[in-house]
Amino acid sequence: MLKIKILTGSIRPTRFNIQPATWIYEIAKKRKDITVELVDIKELNLPLMDEPIPPLQNQYSKPYTQKWSKIVDEADGFIFVTPEYNHSTSASLKNAIDYLYHEWKYKPVSYVSYGSQAGGARAVEHLRGMAGEQRMYDLREQILLPDYWNNLDENGQYRFTPEDEEKANLILDDTIFWAGVMKEARAKMKE
């Protein structure tokens, strides 16, 4: 069974991020072709990158890095849920990505983003560059939630539409397909 990990991209106390992350996680949980996990980087509590040896060397000295390495390594694919801060992704998500190298390699990644008018598109553009450097397989489709605050109900909950759910399932289809293809390729590379 393929393992897909959905990563939150914000650690702010009043973050909106957990809403779209939980939403796509709940949709993914209904599927029978994957196991899915919501990984909250806030709970990881990673400090700013403090490993003395670059991740390329795969010699982690900190217990939190070793734990993070195991979480990422066991995944076959990812969905990053990112805010857009100042035309880029969050420092916390970039930091979490930068901690590792080999664990990301040859795995697909999709995106759910939110922000102002661009809906997080610029954050995803930066993540795409990072994904390429990490040798991840960057999938084209993404879910954008522009001006998300205009679509909150009286309790502060985002009103996802049927079209949003349709896009979520398309992203999951793509992620699952490429996770399977790339899992086979990774196995062949190890032979």
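The values are calculated or read from the model by the stated rules, or taken from the named source; none is laboratory data. Please read all numbers here as calculations on a predicted model, not as lab measurements. When we count neighbours, we look across all protein chains shown, and the Cβ atoms used for this are built from the backbone with ideal geometry, even at glycine. Just the protein is used for accessible areas: all its heavy atoms, side chains included, with ligands, DNA and RNA removed. Shrake-Rupley method; radii C 1.70, N 1.55, O 1.52, S 1.80 Å.
Between a first residue in the stretch 151-170 that is touching a residue at least 60 places away in the same chain (Cβ under 8 Å) and a second residue that is aliphatic (A, V, I, L, M), which pairs have beta carbons less than 6 Å apart while being 6 or more apart in sequence or on different chains?
Tyr158/Leu152; Ala168/Ile24; Ala168/Ile27
For the stretch 1-11, which residues satisfy the criterion of being at pLDDT 95 or above and open to solvent by 50 Å² or more (accessible area, probe 1.4 Å)?
Taking the stretch 1-11 first, the residues at pLDDT 95 or above are 2-11.
Selection gives Lys3, Ile11.
Can you name the residue in the stretch 117-151 that is touching a helix residue (DSSP H, G or I) at 6+ places or on another chain (Cβ under 9 Å) and more than 30 Å from Tyr101 (Cα to Cα) and, of all such residues, is most open to solvent (accessible area, probe 1.4 Å)?
Filtering the stretch 117-151 for residues that are touching a helix residue (DSSP H, G or I) at 6+ places or on another chain (Cβ under 9 Å) and more than 30 Å from Tyr101 (Cα to Cα), the one most open to solvent (accessible area, probe 1.4 Å) comes out as Pro146.
Can you pull out every residue in the stretch 62-85 that is farther than 24 Å from Leu172 by Cα and surrounded by 12 or more Cβ atoms within 10 Å (Cβ to Cβ)?
Start the filter on the stretch 62-85 by keeping residues that are farther than 24 Å from Leu172 by Cα, which leaves 62-67, 85.
Correct list: Lys62, Tyr64, Thr65, Lys67, Tyr85.
Restricting to the stretch 154-175, name every residue that is of a type in the set (Phe, Trp, Tyr) and open to solvent by 50 Å² or more (accessible area, probe 1.4 Å).
Once the filter is applied, which keeps residues that are of a type in the set (Phe, Trp, Tyr) and open to solvent by 50 Å² or more (accessible area, probe 1.4 Å), the stretch 154-175 yields only Phe160.
Report yes if Arg186 is among the charged types (D, E, K, R), open to solvent by 10 Å² or more (accessible area, probe 1.4 Å), in a helix (DSSP H, G or I) and at pLDDT below 95, otherwise no. Talk me through it step by step, then tell me what you get.
Values: among the charged types (D, E, K, R): yes; open to solvent by 10 Å² or more (accessible area, probe 1.4 Å): yes; in a helix (DSSP H, G or I): yes; at pLDDT below 95: yes.
Criteria met by Arg186.
Out of (1) hydroxyl-bearing (Ser, Thr, Tyr); (2) farther than 23 Å from Ala121 by Cβ; (3) in contact (Cβ under 8 Å) with a residue 40 or more places away in the chain, what's the single condition that is false for Thr82?
Only one criterion in (1) hydroxyl-bearing (Ser, Thr, Tyr); (2) farther than 23 Å from Ala121 by Cβ; (3) in contact (Cβ under 8 Å) with a residue 40 or more places away in the chain is unmet by Thr82, namely (2).
What tally of residues in the stretch 137-176 results from selecting those that are assigned to a helix (DSSP H, G or I) and β-branched (Val, Ile, Thr)?
3
What is the one condition in (1) open to solvent by 70 Å² or more (accessible area, probe 1.4 Å); (2) touching a Ser or Thr at 6+ places or on another chain (Cβ under 7 Å); (3) not hydroxyl-bearing (Ser, Thr, Tyr) that Gln59 does not satisfy?
(2)
So how many residues does the stretch 35-56 have that are aliphatic (A, V, I, L, M), within 26 Å of Thr175 (Cβ to Cβ) and either exposed (fewer than 10 other Cβ atoms within 10 Å of the Cβ) or out of contact with any strand residue (DSSP E or B) (no Cβ under 8 Å at 6 or more places or on another chain) (or both)?
Taking the stretch 35-56 and keeping what is aliphatic (A, V, I, L, M), we get 36, 38-39, 41, 44, 46, 48-49, 53, 56.
Filter once more, so that each one left must be within 26 Å of Thr175 (Cβ to Cβ): 36, 38-39, 41, 44, 46, 56.
Subset that is either exposed (fewer than 10 other Cβ atoms within 10 Å of the Cβ) or out of contact with any strand residue (DSSP E or B) (no Cβ under 8 Å at 6 or more places or on another chain) (or both): 44, 46, 56.
Number of matching residues: 3.
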